[in-house]
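**Student:** For reference, the structure I am asking about is given below.
The values are calculated or read from the model by the stated rules, or taken from the named source; none is laboratory data. Keep in mind the model is a prediction, meaning the values are calculated, not measured. Methodologically, a virtual Cβ is constructed for each residue, glycine included, from the backbone with ideal geometry; neighbour enumeration extends over all protein chains shown. Side chains included, ligands, DNA and RNA excluded: accessible areas come from the protein's heavy atoms. Shrake-Rupley method; radii C 1.70, N 1.55, O 1.52, S 1.80 Å.
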Amino acid sequence: MRIVPKPVRLHMLPSDLLKRRSPGKPVNGVELLNAAPRGYWGVTTFSFRRLQPPGLLSFTLGCPWPILVTAVLYFFFDDGYTTEDGRRFDILGLQGHLISGALLALLLAFRTNNAYDRWWEGRTQWGRLIAKSRDFARQCVSFVCEPELVEALVGQTVAFAVLVKIHLRSERELMELEGLLQPVEIDAIASTHHRPLCVLDGMSENLRLASEGGLLDPITLVMLDGSVTALAETLGACERLKNTKVPFSYVIYLRDIILIWVASLPLALAPVMGWATPFTCAAVTYFLLGIDSVAVSIEDPFGRDIDDLPLDGLTDKIREDLSEILERHRAATARRMAPKPSGLGLSGNGQGSRSPRNTPLPVHARIGLPEPAAVTPEY
């Protein structure tokens, strides 16, 4: 079956990407940065509207609570924040908050780095999926002699990548498989629960039938089956990232520390900063909870958020590359099947003779070695 590649512009401007996005869904951040000029300043500067906001909790702890604390402390004392004996009123102490804030920053950095490691591991596994798909298609067109079997195996490889993307996003739509598989195969996949495994079973079954029919020798069969196994291992690695989150106790402990620190921050700043406390607390709260929300966003890299991996572009890349491999294979097959001129002529004595153009070169000339010297036998 002929693979129908999707039309994709390789050099899209950021404005084109923003126009292409679906209503209510942000454009992918990786694609946006790839299309942006060097430095990303025009795309990333003041782009908070493209991020997921920390939410109502950030607004409550950053605005109303500091204003309330500042107002109560200000009106509770007659002379600002000074007691009757002339000492400045200090509930928690600013230095204690500075030290604990440094420790909190280290915990947040560890949390974010852990989430980024998961994001990068997802990108590594999809890079491995792209490489293994290309390698399997190369092996098929090089060592499988039956063109129909080559078309079926390469089409199943592209379908596997598409189904892995759909499976990791917990979606069920199969419209992208049109042009890759037969309608009967698509119906069989739609009736199964784990759809990528169904395609792998079909690939293994095609290899088994080809081996039984004499189309594959045992060595080639082992090589191709090893490539199918590598695709299955990549699927398992992606499922591990999808189904295993950050340890629950670690998330609870870190967030409790953040909430306690942010809630007590106005008590430490108000005696020193006065009415500037609400503005400072609002900024600090937004950035602290924003960093935590970024970690939550990137720890599952297979969705459709702005920080997730561009799985649509990666699957389109697999489709394009394997389609190009198939086109070269079809052209080479057509050249081999084309009738060749006999290259025979008639000499003066009526016997066939080779023309100089069709005379085969000696072995040493074909491999680039000099002509061997003549050896005179000794008797």
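**Student:** With the requirement that a residue be β-branched (Val, Ile, Thr), open to solvent by 10 Å² or more (accessible area, probe 1.4 Å) and either at positive phi or in contact (Cβ under 8 Å) with a residue 24 or more places away in the chain (or both), what does the stretch 112-153 give you? Give the derivation first.
**Tutor:** Here is the first cut: in the stretch 112-153, the ones β-branched (Val, Ile, Thr) are 112, 124, 130, 141, 144, 150.
Filter once more, keeping what is open to solvent by 10 Å² or more (accessible area, probe 1.4 Å): 112, 124, 130, 141.
Within the stretch 112-153, 112, 130, 141 meet the criteria.
**Student:** State which residue pairs qualify: first residue under 12 Å from residue 133 (Cα atoms) and inside the stretch 215-237, second residue open to solvent by 60 Å² or more (accessible area, probe 1.4 Å) in any location, beta carbons under 7 Å apart, and separation of 6 or more residues or different chains.
**Tutor:** Every condition considered, the pairs that remain are 227/132; 230/132; 231/132; 234/128; 234/132.
**Student:** Going by the structure shown, is residue 268 within 30 Å of residue 307 (Cβ to Cβ) and out of contact with any strand residue (DSSP E or B) (no Cβ under 7 Å at 6 or more places or on another chain)?
**Tutor:** Details: within 30 Å of residue 307 (Cβ to Cβ): no; out of contact with any strand residue (DSSP E or B) (no Cβ under 7 Å at 6 or more places or on another chain): yes.
So residue 268 fails the test.
**Student:** Still on this structure, please answer the following. Restricting the search to the stretch 301-319, which residues are part of a helix (DSSP H, G or I) and over 12 Å from residue 154 (Cα atoms)?
**Tutor:** Of the residues in the stretch 301-319, the ones part of a helix (DSSP H, G or I) are 311-319.
Answer for the stretch 301-319, where residues must be part of a helix (DSSP H, G or I) and over 12 Å from residue 154 (Cα atoms): 311, 312, 313, 314, 315, 316, 317.
**Student:** Turning to a different aspect of this structure: If I go through the stretch 260-290 residue by residue, how many of them are open to solvent by 60 Å² or more (accessible area, probe 1.4 Å) and under 35 Å from the mean Cα position of the chain (by Cα)?
**Tutor:** From the stretch 260-290, those open to solvent by 60 Å² or more (accessible area, probe 1.4 Å) are 260, 272-273, 275, 279, 286-287; that's our starting set.
With the extra rule that they be under 35 Å from the mean Cα position of the chain (by Cα), the set shrinks to 286-287.
Count: 2.
**Student:** Has the stretch 154-171 got at least one residue that is assigned to a helix (DSSP H, G or I), open to solvent by 20 Å² or more (accessible area, probe 1.4 Å) and either free of Cβ contacts under 8 Å to residues at least 60 places away in the same chain or under 26 Å from residue 243 (Cβ atoms) (or both)?
**Tutor:** Step one: of the stretch 154-171, the residues assigned to a helix (DSSP H, G or I) are 154-168.
When the remaining residues are screened for being open to solvent by 20 Å² or more (accessible area, probe 1.4 Å), the result is 167.
From what is left, the residues that are either free of Cβ contacts under 8 Å to residues at least 60 places away in the same chain or under 26 Å from residue 243 (Cβ atoms) (or both) are 167.
The answer is yes; a qualifying residue exists.
**Student:** What's the total number of residues in the stretch 207-232 that are open to solvent by 20 Å² or more (accessible area, probe 1.4 Å), more than 14 Å from residue 136 (Cα to Cα) and assigned to a helix (DSSP H, G or I)?
**Tutor:** As a first pass, look at the stretch 207-232 and keep what is open to solvent by 20 Å² or more (accessible area, probe 1.4 Å): 208-209, 211-215, 217-219, 221-223, 225-226, 229, 232.
Add one more test, that the residue is more than 14 Å from residue 136 (Cα to Cα), and what stays is 208-209, 211-215, 217-219.
The next check asks that each one be assigned to a helix (DSSP H, G or I); those that pass are 208-209, 211-212, 218-219.
Qualifying residue count, the stretch 207-232: 6.
**Student:** Would you please list the contacts, defined by Cβ atoms under 6 Å and residues six or more apart or on different chains, that run from a residue in the stretch 292-316 that is closer than 28 Å to residue 179 by Cβ to a residue that is of a type in the set (A, V, I, L, M, F, W, C) and open to solvent by 20 Å² or more (accessible area, probe 1.4 Å)?
**Tutor:** From the stretch 292-316, the pairs are 301/119; 310/30; 316/8.
**Student:** Still on this structure, I have one more. Does at least one position in the stretch 229-250 carry a residue that is touching a strand residue (DSSP E or B) at 6+ places or on another chain (Cβ under 9 Å), among the small types (Gly, Ala, Ser) and either farther than 25 Å from residue 324 by Cβ or at pLDDT 90 or above (or both)? Before you say what the answer is, go through the steps one by one.
**Tutor:** Step one: filter the stretch 229-250 for residues touching a strand residue (DSSP E or B) at 6+ places or on another chain (Cβ under 9 Å), giving none.
No: the stretch 229-250 contains no residue that is touching a strand residue (DSSP E or B) at 6+ places or on another chain (Cβ under 9 Å), among the small types (Gly, Ala, Ser) and either farther than 25 Å from residue 324 by Cβ or at pLDDT 90 or above (or both).
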